[in-house]
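One structure is given here, and the rest of the page talks about it.
The values are calculated or read from the model by the stated rules, or taken from the named source; none is laboratory data. Bear in mind the structure is a predicted one, so any value in this text is a computation, not a measurement. For neighbour counting, all protein chains shown are included, and Cβ atoms are generated from backbone atoms with ideal geometry for every residue, glycine included. To get the accessible areas, we keep the full protein, side chains included, count just its heavy atoms, and leave off ligands, DNA and RNA. Shrake-Rupley method; radii C 1.70, N 1.55, O 1.52, S 1.80 Å.
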Amino acid sequence: MDKSKRPFLKSKRFFRRRLPPIQSGDRIDYRNMSLISRFISEQGKILSRRVNRLTLKQQRLITIAIKQARILSLLPFLNNEKKFERTESTARTTSFQTRNK
């Protein structure tokens, strides 16, 4: 059999290795808000390890730091900032009050 023809070997695909989200110099601490805020969703939830691309040890340290920051009021527990929208019920009550005057 010819060595140049290898029907079962796939061609190797080259992929660009992603940079780790935490460099070796970064300290995982509850005061390091710029680092911690990268691992929180818009709602204020802690993102999973798979999404963060962290090691198990790093994820544990990040989780502890986020919880400490929440207890010390550096981070909100929930981030539900909804703008006030005028609903039909408030519109009806204001129009009712103006009619009676």
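To the nearest 20 Debye, how big is the dipole of the range 33-72 about its Cα centre, given +1 on the beta carbon of each Lys and Arg and -1 on that of each Asp and Glu?
200 debye
When each pair of different Cα atoms in the range 33-72 is counted once in the 1/r mean, what is the Kirkwood radius in angstroms, to one decimal?
Details: mean 1/r = 0.0981 Å⁻¹.
About 10.2 Å for the range 33-72.
Percent of Cα-Cα pairs more than 11 Å apart in the range 10-50, please.
Cα-Cα pairs of the range 10-50 separated by over 11 Å account for 75 percent.
Take the solvent-accessible surface of the protein heavy atoms, probe 1.4 Å, and return the percent of it on the range 33-72 that carbon and sulfur atoms account for.
Working: 1510 of 2670 Å².
The value for the range 33-72 is 57 percent carbon and sulfur by accessible area.
For the range 8-55, what is the charge dipole size about the Cα centre, in debye to the nearest 20, if Lys and Arg each add +1 at the Cβ and Asp and Glu each add -1 at the Cβ?
For the range 8-55, the charge dipole is close to 480 debye.
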